[in-house]
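Asks: Once you've had a glance at the structure underneath, I'll fire off some questions.
The values are calculated or read from the model by the stated rules, or taken from the named source; none is laboratory data. Note that the structure is a prediction, hence the values are computed from the model and not measured. Glycine also receives a Cβ, built like all others from the backbone with ideal geometry; neighbour counts cover every protein chain displayed. Just so you know, the surface numbers come from the protein's heavy atoms only, side chains and all, with ligands and any DNA or RNA stripped out. Shrake-Rupley method; radii C 1.70, N 1.55, O 1.52, S 1.80 Å.
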Amino acid sequence: MHPLHRHIENQVDLPDVDFNRLLDICDWVHFKKGSLLIQPGQPIHHQYFVIGGCLRAYAIDLKGKDHTIQFAIEDWWMSDYIAYYSEGTSQLHVSCIEDCELLKISKKELVQLFDTLPQLERFFRRQLENAFVAFQSRILTNLKSTAYERYELFLSKYPNIEQRVKNYHVASYLGITPESLSRLRKQRTRS
């Protein structure tokens, strides 16, 4: 079964004929490690499903420091969703941490499919709901938790990411310095 079809089937039933209609509006795209998929100021009309590889979305503040917003590995989605849903321009960078194989899905064509495939619209609504819950939970965790607790939660929720990304990316995601991350790892091994 196609990875995207399997992913959708975890949430809603989508017959093969309907999945093929979705696949017809998707473009297979490949990016090399280090490539920028999205840059600030770029109009965003697509979202991406990760078939293979690892992506990182981040913002750079006025002092030049980057802040990791999201990682995406196989079976995850990526875009600058503020720009995607508001039809604005990107505020984020999205870079390929590894060589990536992605499905690029046009918002315009996807919305047209929703009219005839309500189960597909239901799937994407659930995806959006889950993403909103995850982002709000992350904000609350960052406000209420210690750096050690945030690191533990990161490891438990995303056990397959830490080995695939650089230490400073993990530190940036957690809102700490790489030196603090090193101390947390030492503290964890002593526990």
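Asks: Determine the pairs where a residue that is on the phi > 0 side of the Ramachandran plot, located within region 27-39, has a partner that is surrounded by 14 or more Cβ atoms within 10 Å (Cβ to Cβ) with Cβ atoms under 8 Å apart, the partner being 6 or more residues away or on another chain.
Replies: GLY34/SER95; GLY34/CYS96
Asks: Determine, yes or no, whether PHE71 is in contact (Cβ under 8 Å) with a residue 40 or more places away in the chain, touching an Asp or Glu at 6+ places or on another chain (Cβ under 8 Å), surrounded by 19 or more Cβ atoms within 10 Å (Cβ to Cβ) and more than 25 Å from GLN112 (Cα to Cα).
Replies: For PHE71, the condition - in contact (Cβ under 8 Å) with a residue 40 or more places away in the chain, touching an Asp or Glu at 6+ places or on another chain (Cβ under 8 Å), surrounded by 19 or more Cβ atoms within 10 Å (Cβ to Cβ) and more than 25 Å from GLN112 (Cα to Cα) - is not met.
Asks: Still on this structure, I have one more. Could you tell me whether any residue of region 180-189 is β-branched (Val, Ile, Thr), at pLDDT below 95 and surrounded by 12 or more Cβ atoms within 10 Å (Cβ to Cβ)?
Replies: No: zero hits.
Asks: Within region 171-180, restricting attention to residues that are in contact (Cβ under 8 Å) with a residue 40 or more places away in the chain and assigned to a helix (DSSP H, G or I), which residue is farthest from the chain's Cα centre (by Cα)?
Replies: Here the answer is SER172.
Asks: If you don't mind, there's one more thing I want to ask. Could you grab me the full set of residues in region 94-121 that are of a type in the set (A, V, I, L, M), within 17 Å of the chain's Cα centre (by Cα) and open to solvent by less than 10 Å² (accessible area, probe 1.4 Å)?
Replies: Passing the criteria: VAL94, LEU102, LEU103, ILE105.
Asks: Moving on to the next point. Looking only at region 1-47, which residues are in a helix (DSSP H, G or I) and more than 25 Å from GLU87 (Cβ to Cβ)?
Replies: Within region 1-47, PRO3, HIS5, ARG6, HIS7, GLU9, ASP16, VAL17, ASP18, PHE19, ASN20 meet the criteria.
Asks: What's the total number of residues in region 54-68 that are part of a strand (DSSP E or B) and farther than 11 Å from GLU98 by Cβ?
Replies: Qualifying residue count, region 54-68: 7.
Asks: Can you pull out the residues in region 24-41 that are among the hydrophobic types (A, V, I, L, M, F, W, C) and over 20 Å from the mean Cα position of the chain (by Cα)?
Replies: If the condition is that a residue be among the hydrophobic types (A, V, I, L, M, F, W, C) and over 20 Å from the mean Cα position of the chain (by Cα), then ILE25 is the only one that fits.
Asks: SER90 fails exactly one of the following numbered conditions: (1) open to solvent by 50 Å² or more (accessible area, probe 1.4 Å); (2) touching a Pro at 6+ places or on another chain (Cβ under 7 Å). What is the number of that condition?
Replies: (1)
Asks: Kindly check whether there is at least one residue in region 79-86 that is more than 18 Å from the chain's Cα centre (by Cα) and modelled with pLDDT of 95 or more.
Replies: no
Asks: Regarding region 122-133, can at least one residue be identified that is closer than 28 Å to THR177 by Cβ and either open to solvent by less than 20 Å² (accessible area, probe 1.4 Å) or of a type in the set (Gly, Ala, Ser) (or both)?
Replies: Taking every residue of region 122-133 in turn, at least one turns out to be closer than 28 Å to THR177 by Cβ and either open to solvent by less than 20 Å² (accessible area, probe 1.4 Å) or of a type in the set (Gly, Ala, Ser) (or both).
Asks: Return the only residue of SER156, SER145 being surrounded by 13 or more Cβ atoms within 10 Å (Cβ to Cβ) and of a type outside the set (Phe, Trp, Tyr).
Replies: SER145
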